[in-house]
Amino acid sequence: MNCEVCDRIKNKKGIVYSTEKISVMIPENAFTPGHLIVLPNEHFPILEAVPDKIISEMFTAANKVGVAVFEALGAQGTNILIQNGTAAGQEKPHVILHVIPRKENDGLNLQWAPKQMNEEEMSTIELKIKDQVGSVGIIEEEKKEPVEEKEVEEVKEDYLTKSLERIP
């Protein structure tokens with residue numbers, strides 16, 4: 001598999017933070033100063049292929065680096081964006097979560113005009129989605145490791161501790 005995003009992760013190019021499962025890096029072509037991308041370290045081409053635990057870690061990291069760009073760069077807001085699939089503008093076949101710092105009048109336009117649906121269209125779409133959601137399943141459960149019990153050390157009471165307990 002030849003993925004330039006995987007290569008950047010492997011070479012640790014532009015990485016500002018990483019864990020075993022995810023990396024946060026500066027993109028080669030940033031939308032705004034401080035634009036960061038959060039990526040799974042393992043190759044996943046679309047969001048639906050990413051395990052729930054990794055998605056959770058990606059969004060937690062996006063939240064934390066969002067705070068960092070507010071503090072370090074004086075951002076006034078952020079856009080959190082995933083372009084999922086080529087129809088949504090995804091250019092690289094690797095899931096990328098963008099954290100885009102924003103300031104008033106920064107010239108970046110991510111606005112779109114919502115389309116008004118009539119009642120019948122909304123009802124039809126609602127039924128189709130509800131029908132599919134039932135087959136999606138619940139959030140993946142992570143396998144729990146057995147918890148080892150540790151011996152509790154017996155605490156010996158001393159004179160000072162007893163004295164403190166008697167003080168009204």
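The values are calculated or read from the model by the stated rules, or taken from the named source; none is laboratory data. All values reported here derive from a predicted model rather than from experimental measurement. Neighbour counts are summed over all protein chains in view; Cβ atoms, including those assigned to glycine, are modelled from backbone coordinates with ideal geometry.
Only one of (1) touching a strand residue (DSSP E or B) at 6+ places or on another chain (Cβ under 6 Å); (2) over 11 Å from residue 99 (Cβ atoms) is not met by residue 46, so which one is it?
Of the numbered conditions (1) touching a strand residue (DSSP E or B) at 6+ places or on another chain (Cβ under 6 Å); (2) over 11 Å from residue 99 (Cβ atoms), the odd one out for residue 46 is (1).
List every residue pair whose Cβ atoms sit under 9 Å apart, with the two residues 6 or more apart in sequence or on different chains, where the first one lies in region 105-125 and is free of Cβ contacts under 8 Å to residues at least 40 places away in the same chain and the second, anywhere, is part of a helix (DSSP H, G or I).
117/125
Six or more apart or on different chains, Cβ atoms under 7 Å: show the pairs whose first residue is in region 1-30 and among the hydroxyl-bearing types (Ser, Thr, Tyr) and whose second is assigned to a helix (DSSP H, G or I).
17/61; 17/65; 19/57; 23/9
Taking residue 41 as meeting all but one of (1) at pLDDT below 95; (2) under 16 Å from residue 24 (Cα atoms); (3) touching an Asp or Glu at 6+ places or on another chain (Cβ under 8 Å); (4) not β-branched (Val, Ile, Thr), write down the number of the exception.
Checking residue 41 against (1) at pLDDT below 95; (2) under 16 Å from residue 24 (Cα atoms); (3) touching an Asp or Glu at 6+ places or on another chain (Cβ under 8 Å); (4) not β-branched (Val, Ile, Thr), the one that fails is (1).
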